[in-house]
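Here the structure is laid out as structure tokens; the discussion comes afterwards.
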Amino acid sequence: MFSIAFGLAGLGVAWHAAGPVLGTPGAVPDAVYLLAAAVWLVLVAAYAVQGPRRMLADLRDPVQSSFPSLATITPMILGAALATAAFTAGRILVMIFLAMTIALGGWLTGQWFAGDLNTDAPHPGYYLPTAAGGLVGGGAAAQVHLHTLAEASFGIGIFSWLLIGSLLMNRLLVRPMLPPSLVPTLAIESAPPAVAGVAYFALTGGTINFAAAALGGYAVLMALAQLRFVPLYLRLRFSSGLWAFTFPYAAGATDALLWLTATRPPGATAYAVVVIVLITALIAGIATRTVVAAARGQLLAPPPSAAGPQAARPDE
């Protein structure tokens, strides 16, 4: 459920990135950020009332452990956005939640080392606590002028992406397909290069060099890989798990918009319109389905299959 606020915050970042090309007013991303903040507050409150015992159980669970980190990652995006209007307040928020993200990521890394994980336990959500947390933190810290801290956080994100990515690549390539409830997390595979690209632009002021081009190239490759997953995605029943698509694709849209801003190719405005319309339509569609499902009492219904990591591939 925390991916709802995370995805909305990502949409706000995409609209902010569209501003220099499309000239859209700042009120648009600001409205999205406010919605993301409201949703985050509701979700955190709802999660907190379940008590520390439930939280600790989630952090020890091989499937659920990575997702609570979104509760600390999302406020870094919101803090960086707030800094444009109230710099000191935004900077403090970024510092607090970056510290919490790194602390939680370190604890979870130790938990995964010490825990009794099997080969099929990891899934793309494992990127979230350290790879996504570090890269998002790097971009947010750079926006509030904490450059050394931003570089350190960026390093955490990059190295975690490389190390966890090798583990996940092995799991996804040679082991059985993820169970249906975790298939949407395949979208997260497209996130690390895109988020790294966005963070790198924040660190360098939009400089295009070898590193930026390398990250951009890999982001394109992983975006194209998502096309192969479309048949798998189309077989999924709607659930809150589909919010896993939102932030990764919003990050890809943001990265593309930053590239359009930096290079200004012919037709840049038309490209930017297509990008922002598509990502907004995707997230608005998922949000609408979420509201409908919640109104019908179906949002928290159990998944259609209780199959574990050994489940057969959906296309078999």
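The values are calculated or read from the model by the stated rules, or taken from the named source; none is laboratory data. Source: prediction; values computed, not measured. Note: ideal-geometry Cβ built from the backbone for every residue, glycine included; neighbour counts use all protein chains shown. What goes into the accessible areas is simple: the full protein's heavy atoms, side chains included, and nothing from ligands, DNA or RNA. Shrake-Rupley method; radii C 1.70, N 1.55, O 1.52, S 1.80 Å.
With the helix formula -39500 (n - 2.57) applied to DSSP H stretches of n ≥ 4, the chain reaches a computed 222 nm mean residue ellipticity of -23500 deg cm²/dmol. Only protein atoms count toward the accessible area here, which uses a 1.4 Å probe; on the chain, the carbon and sulfur part of that area reaches 70 percent. Angle of helix 2-22 to the longest C-alpha principal axis of the chain, folded into 0 to 90 degrees and rounded to 10: 20°.
Using 1/(1 + (r/R0)^6) with R0 = 25 angstrom and r between the beta carbons of Ala85 and His147, what's the FRET efficiency to the nearest 0.05? Rounded to the nearest 0.05, the efficiency is 0.70. Length gained on full extension, Gln111 to Phe210, computed as 0.36 nm times the residue gap minus the Cα-Cα distance: 32.0 nm. Dividing the mean sequence gap of close Cα pairs (under 8 Å, 6+ apart) by how many residues segment 47-154 holds gives a relative contact order of 30 percent.
Taking the longest Cα principal axis of the chain as reference, the axis of helix 87-114 is set at about 30 degrees. Phi angles of segment 71-80 translate, via the Karplus equation with coefficients 6.51, -1.76, 1.60 and θ = phi - 60°, into HN-Hα couplings of 5, 9, 6, 4, x, 5, 5, 5, x, 5 Hz per residue; Gly and Pro are given as x. Sorting the segments 51-61, 75-85, 28-38, 219-229 by their mean number of nearby beta carbons within 10 angstrom, highest to lowest, gives 75-85, 28-38, 219-229, 51-61. Apply 1/(1 + (r/R0)^6) to the Cβ-Cβ distance of Val277 and Leu227, taking R0 = 25 Å, and write down the FRET efficiency to the nearest 0.05. E(calc), rounded to 0.05, equals 0.85. The relative contact order of segment 186-276, computed from alpha carbon pairs under 8 Å that lie at least 6 residues apart in sequence, is 44 percent. Averaging the sequence gap over all C-alpha pairs within less than 8 Å and six or more residues apart, then dividing by the number of residues, gives segment 1-105 a relative contact order of 26 percent. Comparing mean-square fluctuations of Gly125, Gly138, Gly206 from a GNM of the chain with C-alpha springs under 10 Å, the top value falls on Gly206.
Could you state the angle between the C-alpha long axis of helix 191-204 and the longest principal axis of the C-alpha atoms of the chain, as a value from 0 to 90 degrees rounded to the nearest 10? Compared with the principal axis, the helix lies near 30 degrees.
The alpha carbon centroids of segment 93-155 and segment 162-235 are separated by 17 Å. Debye-formula intensities of segment 1-120, expressed as log10 I(q)/I(0) at q = 0.09, 0.20, 0.21, 0.23 Å⁻¹, are -0.30, -1.10, -1.17, -1.29 (one equal scatterer per alpha-carbon, no solvent). Extending 7 Å from Cα along the Cβ direction at Ala45 and again at Asn118 yields two label points whose distance is 4.1 nm. Among Pro122, Pro192, Pro266, whose mean-square fluctuation peaks in a Gaussian network model of the chain (Cα, cutoff 10 Å)? Maximum fluctuation in the GNM of the chain, among the listed residues, is at Pro266.
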